[in-house]
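I have placed the structure first, in the form of structure tokens, so that the comments after it can refer back to it.
The values are calculated or read from the model by the stated rules, or taken from the named source; none is laboratory data. Keep in mind that what you see is a predicted model, and the values were worked out from it rather than measured. Neighbour counts run over all protein chains shown; Cβ positions are idealised from the backbone, glycine included.
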């Protein structure tokens, strides 16, 4: 004789299945044909490597890689596309000299060149003039945004000049950390830019040689919805398969 499940047991099974599926199924990433993967040896390491991939027929193909530096105090979990919960991992905060770890989309490109000399860039581009700034005052309504500095209209007490005497920002990319839903104090003004050298970290950005950055700028295409993933190697290996990310022989 066939035994029927009680209504209460059926409800239990449905609730159990839905609950456990929600817990184990990773948050889907937006579709991307380009991926920049930055990895370091650990949370406190400032030296790392960036691997640039393209997706062809559902497979990630490595195009090139090069050395980078991240924050002078390493990485901390940032505010990106995925809410990461990693035991004992530091969390990115304003002014902590850590680069954000996580999954991020790419914002505008920027540089010292005129628009006519940057037409080869396939992302939106903004010229870093003497008046262009990035606001890092967490009390400002313009926190973590690029604006033209107008003292008469400003509500900020601190900011970062985007046109420097040095060439750090001669070329760069704005990383969409803590954006577009900006939260005060979570961190601001995170870029990919030119480094000082291979053994000095940044205030929280990812930096490299000018030649390597130019290679990325020639390659990256907003139409391919590029993503940036930044993590220590150990953490990347743990979550790689969940998000259909490429295997890398570190």
>> Condition first: buried (at least 18 other Cβ atoms within 10 Å of the Cβ), touching a residue at least 40 places away in the same chain (Cβ under 8 Å) and within 20 Å of residue 186 (Cβ to Cβ). Can you find one or more residues in region 59-70 that meet it?
In response: yes
> Name the residues in region 114-136 that are touching a strand residue (DSSP E or B) at 6+ places or on another chain (Cβ under 7 Å) and part of a loop (DSSP other than H, G, I, E, B), would you?
Replying inline: 114, 118, 121, 123, 124, 128, 131, 136
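Here's the yes/no breakdown for (1) at pLDDT 50 or above; (2) in a strand (DSSP E or B); (3) within 22 Å of residue 239 (Cα to Cα); (4) touching a strand residue (DSSP E or B) at 6+ places or on another chain (Cβ under 9 Å):
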position	(1), (2), (3), (4)
13	no, no, no, no
18	no, no, yes, no
22	no, no, yes, no
30	yes, no, yes, yes
44	yes, no, yes, yes
54	yes, yes, yes, yes
75	yes, yes, yes, yes
> What tally of residues in region 163-219 results from selecting those that are within 16 Å of residue 113 (Cα to Cα), assigned to a loop (DSSP other than H, G, I, E, B) and free of Cβ contacts under 8 Å to residues at least 40 places away in the same chain?
Replying inline: 4
> How many of the residues making up region 137-162 are more than 21 Å from residue 222 (Cβ to Cβ) and in a loop (DSSP other than H, G, I, E, B)?
Replying inline: 17
